[in-house]
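Inspection log for the structure reproduced underneath, given as structure tokens.
No lab work stands behind these numbers, since they all come straight from the coordinates. Quick caveat: nothing in here was measured; it's all calculated off a predicted structure. Glycine also receives a Cβ, built like all others from the backbone with ideal geometry; neighbour counts cover every protein chain displayed.
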Amino acid sequence: MSKRGLLICIEGLDKSGKTTQSKLLVENLRGMGFEAFYTSEPSDSEIGRFIERYVLRRDRRLPVSAEALLFAADRIVHVEREIRPLLDKGKIVVSDRYIYSSLAYQGAGGLDLKWIMEINRMVPKPDLAIYLDVPVEVIMERIQKGRKRSVMESFEVQVRVREIYLELVREGFLLLIDGNRPIAEVSRELQRIVLERLGLKPTKRDATY
Ligand code: TYD
């Protein structure tokens with residue numbers, strides 16, 4: 001029988017700090033003696049690269065059902081190639097975006113959430129799903145300062161995406177962490193929640209916890 005690892009996913013709006021926080025979480029878990037790995041979606045599979053080019057870096061959105069099917073296909077490949085082999089070896093995987101990004105972003109495009117869940121049925125549910133909450137006004141300031149990365153980065157889309165994330169929090173699918181605070185503070189809370197919720201006991205003392 002294979003040892004099952006743990007799958008944690010970190011969700012949030014564009015530029016909410018989830019990449020920074022996911023990477024810090026992996027670093028901190030490693031510092032405590034756990035074998036943790038960072039990964040992200042869209043993945044770097046052929047489908048993920050197709051998404052970057054033909055879905056995200058475009059002026060107009062594809063039909064939203066086509067978007068959802070592409071993200072779901074990328075996720076299946078991501079799980080089979082990267083996530084499942086690590087989980088089978090008993091490792092901790094931290095995924096920067098997962099199923100809930102499809103629910104929030106493609107749901108914001110008008111799709112039925114049940115159908116999005118249905119086409120994502122083939123991949124494992126995460127053991128813990130975190131939503132880093134940052135107000136849309138703060139997100140829009142960061143987007144305007146940086147370079148445009150995705151067709152999703154408009155005010156209207158971000159407002160609707162946040163509404164769905166908050167709905168998923170209310171329904172108990174996601175656990176909310178206030179992401180509108182200094183990086184170190186958010187990171188400490190994230191680490192505390194992960195250890196607590198997953199019942200992890202550090203084997204090394206090299207932690208800020
Ligand atoms: P990401 O690479 O996380 O952007 P950033 O690092 O700038 O936050 O995500 C790219 C975009 O892909 C983002 O706008 C959200 C979108 N996306 C979906 O619409 N559906 C999905 O299922 C996923 C995984 C991402």
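Points worth noting:
- FRET efficiency for L176 and L198, using Cβ-Cβ distance with R0 set to 25 Å, rounded to 0.05: 0.90
- If you take all other residues with their beta carbon under 10 Å from the beta carbon of P124, and give Lys and Arg +1 and Asp and Glu -1, the sum is +2.
- Axis of helix 155-170 versus longest Cα principal axis of the chain: the two differ by about 40°, to the nearest ten degrees.
- Computed over the chain with a Gaussian network model linking Cα atoms closer than 10 Å, the most mobile of E67, E163, E196 is E196.
- Gaussian network model of the chain, Cα within-10 Å springs - most flexible of G109, G33, G146: G146
- Here the calculated FRET efficiency for K125 and E52, from their Cβ-Cβ distance with R0 = 35 Å, stands at 0.85, rounded to the nearest 0.05.
- Here K15, K148, K204 are placed in order of increasing Cβ neighbour count within 10 Å, fewest first, which gives K204, K148, K15.
- Reference-scaled alpha-carbon Rg (2.2 N^0.38 Å with N residues) for the chain: 0.99
- Packing order of peptides 39-50, 87-98, highest average first: 87-98, 39-50 (average count of other Cβ atoms within 10 Å over each peptide's residues).
- For the chain, the relative contact order is 34 percent, taking Cα pairs closer than 8 Å that sit 6 or more residues apart in sequence and dividing their mean separation by the residue count.
- The calculated FRET efficiency for E80 paired with R60, based on their beta-carbon distance and R0 = 30 Å, is about 0.45.
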